[in-house]
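Only one structure is covered here, and it is reproduced in the block below.
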Amino acid sequence: MKRICHLCRLLLALVAAVALTACAETQFVVHTAKMVNKPRTAGGEYKIGGPYQIDGIWYYPRVDYSYDETGIASWYGPKFHGRPTANGEIYDMNRLTAAHRTLPLPSYVTVVNMENGRSINIMVNDRGPFARNRIIDLSRRSAQLLGVEKKGTALVRVKILADESRALAARLQGKAAVNVGETPIIVASLPKADVSSESLPLLPGAASSPPAATKTARITPVAVKPQAAAALPPDLGKVKFLPVVATGIFIQAGSFSIFTNANKVRAKLSGLGPVKIFPVLVNGQDLFRVRVGPMDSVASADRMLGWVIGAGYADSHIVVE
């Protein structure tokens with residue numbers, strides 16, 4: 001009988017321990033779920049970031065207020081809706097935003113659909129696209145306004161709004177944006193004039209009478225005026241219509257300072273399709289760009305890019321002109 005009671009007590013202790021463990025595990029799961037489902041707050045930080053590598057390709061984020069590029073745009077939507085962007089904001093596919101591989105986050109850009117002439121100003125707040133044949137990933141709303149959503153891609157021109165992006169960067173970093181003359185600069189605070197003085201001994205033979213009262217020198221700082229507030233670019237999201245100009249899609253295999261080298265590449269790629277050398281002057285230097293094309297569609301350009309890369313020109317990319 002005693003033995004049976006002892007066994008009963010052991011069983012009750014075991015059941016109690018299991019119950020406590022289950023309760024603790026349940027509390028842990030509930031607490032974890034609360035952490036996972038805890039709503040994120042909107043807003044992000046100013047970020048440039050260091051070099052990074054995706055699928056064997058290195059990207060180098062940097063401040064570039066002269067950025068102006070043509071290429072192919074794509075868009076991203078429901079799959080990423082509600083997820084954090086690269087600078088900590090929450091991606092909302094219904095906002096006027098985009099992803100770019102190297103521009104500071106956030107920045108403002110003008111995007112022009114070169115196929116229909118539509119143009120809007122939007123904010124870049126994420127990294128991407130990481131397909132080497134795309135230059136910008138639009139939010140769904142941006143794609144809708146530009147007439148890109150249904151087609152999926154479009155030939156575009158992307159140009160940074162320099163003044164607005166500078167002002168936005170300054171505000172997010174707690175700096176003041178000012179103009180000195182006609183040159184915009186960004187400083188943490190304006191410098192104050194600092195004047196010091198000291199008494200000098202009399203020169204030999206000079207009158208011994210006390211010198212006249214010394215006037216305190218005053219230095220007036222360079223006149224500055226606040227830069228126009230630009231937390232938002234003018235006409236954010238307002239669609240403008242520009243003239244549609246005929247364009248062509250090319251694969252640029254390389255750019256060379258020596259014509260002979262460019263001609264060798266042209267000859268090597270001639271079996272893939274029409275290849276031409278385009279001479280240009282960049283910063284006072286003659287360059288020779290080797291391009292395959294024009295292509296008749298984005299799909300054809302994607303295929304040709306793969307072939308040119310396969311031929312040994314890993315830095316090849318799509319250009320639209």
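The values are calculated or read from the model by the stated rules, or taken from the named source; none is laboratory data. The shown structure was predicted, so the numbers you read here are calculated from the model rather than taken from an experiment. Here Cβ is always computed from backbone atoms with ideal geometry, including for glycine, and neighbour counts include all displayed protein chains.
Screening F278, F250, F256 for residues that are under 30 Å from G147 (Cα atoms) and among the hydrophobic types (A, V, I, L, M, F, W, C) leaves exactly one candidate, F250.
Restricting the search to region 41-94, which residues are more than 17 Å from the chain's Cα centre (by Cα), assigned to a loop (DSSP other than H, G, I, E, B) and either free of Cβ contacts under 8 Å to residues at least 24 places away in the same chain or loosely packed, with under 11 Cβ neighbours inside 10 Å (or both)? Selection gives T41, A42, D55, G56, H81, G82, R83.
Tell me, yes or no, whether region 296-316 has at least one residue that is crowded, with 18+ Cβ neighbours inside 10 Å, in contact with a helix residue (DSSP H, G or I) (Cβ under 7 Å, 6 or more places away or on another chain), part of a strand (DSSP E or B) and modelled with pLDDT of 95 or more. Give the derivation first.
Here is the first cut: in region 296-316, the ones crowded, with 18+ Cβ neighbours inside 10 Å are 298, 301-302, 304-305, 308, 313, 316.
Keeping just the survivors that are in contact with a helix residue (DSSP H, G or I) (Cβ under 7 Å, 6 or more places away or on another chain) gives 308, 316.
Filter once more, keeping what is part of a strand (DSSP E or B): none.
The answer is no; no qualifying residue exists.
Determine, yes or no, whether P226 is touching a strand residue (DSSP E or B) at 6+ places or on another chain (Cβ under 8 Å), farther than 23 Å from T70 by Cβ and modelled with pLDDT under 95. Considered against the rule, which asks whether it is touching a strand residue (DSSP E or B) at 6+ places or on another chain (Cβ under 8 Å), farther than 23 Å from T70 by Cβ and modelled with pLDDT under 95, P226 comes out as yes. Taken together, the residues in region 267-295 that are outside any strand (DSSP E or B) and surrounded by 15 or more Cβ atoms within 10 Å (Cβ to Cβ) amount to 4.
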